[in-house]
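The values are calculated or read from the model by the stated rules, or taken from the named source; none is laboratory data. Quantities reported herein were computed from a predicted structural model and do not represent experimental measurements. Here the Cβ positions follow ideal geometry from the backbone for every residue, glycine too, while neighbour counts run over all protein chains shown. Surface accessibility is based on the protein's heavy atoms, side chains included, excluding ligands, DNA and RNA. Shrake-Rupley method; radii C 1.70, N 1.55, O 1.52, S 1.80 Å.
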Amino acid sequence: INHIVHNGGLYKRPFNEAFEETPMLVAVLTYVGYGVLTLFGYLRDFMRQWKIEKCQNATEREEQKDFVPLYQDFENFYNRNLYMRIRDSWNRPICSVPGAKVDMMERVSHDYNWTFTYTGRVIKDIINMGSYNYLGFAQNSGPCQEAAAKVLSQYGAGVCSTRQEMGNLDKHEELEKLVARFLGVESAMAYGMGFATNSMNIPALVGKGCLILSDELNHASLVLGARLSGATIRIFKHNNMQSLEKLLKDAIVHGQPRTRRPWKKILILVEGIYSMEGSIVRLPEVIALKKKYKSYLYLDEAHSIGALGPSGRGVVDYFGLNPEDVDVMMGTFTKSFGAAGGYIGGKKELIDYLRTYSHSAVYATSMSPPVVEQIITSMKCIMSEDGTTVGKARVQQLAENTRYFRRRLKEMGFIIYGNEDSPVVPLMLYMPAKIGAFGREMLKRNIGVVVVGFPATPIIESRARFCLSAAHTKEMLDTALKEINEVGDLLQLKYSRHRLVPLLDRPFDETTYEETED
């Protein structure tokens, strides 16, 4: 367990992250489990080939047998023989607002998850522990919904044009000015899709002759953007500043391969909160290295904006840093704001350049007006510009929920990854059979959870990922914790060897930002 309280005065607050090592026996049994599944997969493929077992997967047509195969059959091996067994744990159809509780359509499979049929029954009031609804703005009532409905009746649902042609509305301009003010930067630009904000803007910023230094656990959108850019990519170990500094030193000393010319630009790509690990970027150290080696910093705040910091302004606010020290501030509206799309904030020159050269800006259709209004209303609420303190109370409530939930899970003996202030809470499952079992058992108890396995995580690090929300009440969290504890005993998931002593006398609402600063 790693505790950093101060690092040469860079940190103004305690920084506690835990990544407990996988117990050796659990790791061995996990590999054995995957080995057994793989052997059975080969056996079943053999039986399908000889028509002993019915083949349900997509195959090349008989008349195309002399063609070069469009896709290799083995590439589907994992989907066919491992994923298919637990496929019912994903893509569950929701039929309500994804708030603190959801309604789910019941479905059954009579052919081992190859196909599903709906029973017509709706499972009501499932506690939602999976949506990125950090501040509880995913609502179908209240000021945000009313404002969005009003804009829908005035502007309609779609814009049917790009920003550079006939799709630039006054609402878009208002949103961008508000985002810039919220972030504390000179200018900002909004995009209709969070994923494309990364994948389409990184190629506009760097190209051939540039170097990208990327965290090994960066999101797929950052990885895709880096690959599309044509720049050289080097990976540093997750949140490891020694690894990053070594790459920076090597880049400056050796320059480009073969020619030894200096790199045109060096861009460091990091995230605010890593959505699978629950860890928070060591931003003060990254900024110190960026300044020391004269490189640029691209910060993806998809999960941290709204969810971190005393005023909900993300990881920069959380560490009490200057937004000007981050060259490119990227984030999404899909999580804390209960909407859709993304933004990039920074210097005016940067944003003016992106308006002209970003593929997302030039070719993509403008954001839907009701979605824009949802973002404006929720952001003003967080900034307390709506005349209430509801937004600030939600940010505080999320911080309290996060600390309480994480502490209780650790006391129960589960291995929990990440930072103690991160609302993304990974609970380690490890074994492949336990992925499906955990999801099903929790659903039986009316708790909706997200389970994650390979290839989204390393093969032996399967996990359940809880996302906390300000909309969760203490009663909901206690119900969820009681059921998680029960399922943990049933499936023997309490692997931790660093069990905490329960703080029985501590009231629920005491864990606030003020307390940590004191």
Inspect all residues belonging to the stretch 74-82 and state whether any of them is at pLDDT below 90 and touching a Cys at 6+ places or on another chain (Cβ under 9 Å). no
Output the number of the condition that Ile235 fails; it satisfies all remaining conditions of (1) under 20 Å from Val206 (Cα atoms); (2) out of contact with any Ser or Thr (no Cβ under 9 Å at 6 or more places or on another chain). (2)
Restricting attention to the stretch 44-77, and to residues there that are of a type in the set (A, V, I, L, M, F, W, C) and either touching a strand residue (DSSP E or B) at 6+ places or on another chain (Cβ under 9 Å) or surrounded by 12 or more Cβ atoms within 10 Å (Cβ to Cβ) (or both), which single residue is nearest to His110 (Cα to Cα)? Cys55
Number of the condition not met by Gly120 [criteria: (1) without any contact (Cβ under 8 Å) to a residue 40 or more places away in the chain; (2) in the same structural domain as Met476 (by the TED database); (3) on the phi < 0 side of the Ramachandran plot]: (3)
Of residues in the stretch 184-224 being surrounded by fewer than 23 Cβ atoms within 10 Å (Cβ to Cβ) and acidic (Asp, Glu), the one nearest to Val270 (Cα to Cα): Glu216
Hey, does the stretch 415-434 have a residue that's within 14 Å of Val487 (Cα to Cα) and acidic (Asp, Glu)? no
Considering each of Met367, Met383 in turn, give the residue that is among the aliphatic types (A, V, I, L, M) and touching a strand residue (DSSP E or B) at 6+ places or on another chain (Cβ under 8 Å). Met367
Return only the number of the condition from (1) more than 20 Å from Val362 (Cα to Cα); (2) part of a loop (DSSP other than H, G, I, E, B) that Gly167 does not satisfy. (1)
Note: among Gly331, Gly306, Gly312, Gly345, just one is open to solvent by less than 30 Å² (accessible area, probe 1.4 Å), closer than 19 Å to Pro14 by Cα and not in a helix (DSSP H, G or I), namely Gly312
Where residues in the stretch 247-273 are surrounded by 21 or more Cβ atoms within 10 Å (Cβ to Cβ) and among the β-branched types (Val, Ile, Thr), which of them is farthest from Asn419 (Cα to Cα)? Ile266
Look through the stretch 142-167, keep the residues that are aliphatic (A, V, I, L, M) and out of contact with any helix residue (DSSP H, G or I) (no Cβ under 6 Å at 6 or more places or on another chain), and return whichever of them is least open to solvent (accessible area, probe 1.4 Å). Val159
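Going by the conditions given, is Arg406 of a type in the set (D, E, K, R), open to solvent by less than 10 Å² (accessible area, probe 1.4 Å) and under 21 Å from Leu481 (Cβ atoms)? Quick ask: steps written out before the conclusion?
On the way: of a type in the set (D, E, K, R): yes; open to solvent by less than 10 Å² (accessible area, probe 1.4 Å): yes; under 21 Å from Leu481 (Cβ atoms): yes.
Here the answer is yes, as Arg406 does meet what is asked.
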Can you tell me which residue in the stretch 90-130 is least open to solvent (accessible area, probe 1.4 Å), limited to those that are within 30 Å of Pro423 (Cα to Cα) and among the acidic types (Asp, Glu)? Asp103
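Here's the yes/no breakdown for (1) out of contact with any Leu (no Cβ under 6 Å at 6 or more places or on another chain); (2) open to solvent by less than 30 Å² (accessible area, probe 1.4 Å); (3) part of a loop (DSSP other than H, G, I, E, B):
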{"position": "Gln374", "(1), (2), (3)": "yes, yes, no"}
{"position": "Cys381", "(1), (2), (3)": "yes, yes, no"}
{"position": "Gly387", "(1), (2), (3)": "yes, no, yes"}
{"position": "Ala393", "(1), (2), (3)": "yes, no, no"}
{"position": "Ala399", "(1), (2), (3)": "yes, yes, no"}
{"position": "Phe414", "(1), (2), (3)": "no, yes, yes"}
{"position": "Met428", "(1), (2), (3)": "yes, yes, no"}
{"position": "Gly436", "(1), (2), (3)": "yes, yes, no"}
{"position": "Leu477", "(1), (2), (3)": "yes, yes, no"}
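State yes or no: is Lys171 of a type outside the set (Gly, Ala, Ser), open to solvent by 70 Å² or more (accessible area, probe 1.4 Å) and assigned by the TED database to the domain that holds Glu324? Working first, answer last.
Numbers: of a type outside the set (Gly, Ala, Ser): yes; open to solvent by 70 Å² or more (accessible area, probe 1.4 Å): no; assigned by the TED database to the domain that holds Glu324: yes.
No.
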State the number of residues belonging to the stretch 360-372 that are open to solvent by 30 Å² or more (accessible area, probe 1.4 Å) and either over 16 Å from Asn168 (Cα atoms) or modelled with pLDDT of 95 or more (or both). 2
Return the pairs, sorted by first residue and then second, in which the second residue is part of a loop (DSSP other than H, G, I, E, B) and hydroxyl-bearing (Ser, Thr, Tyr), the first residue lies in the stretch 438-458 and is in the same structural domain as Val108 (by the TED database), the beta carbons are less than 9 Å apart, and the residues are 6+ apart or on different chains. Gly448/Ser131; Val450/Ser131
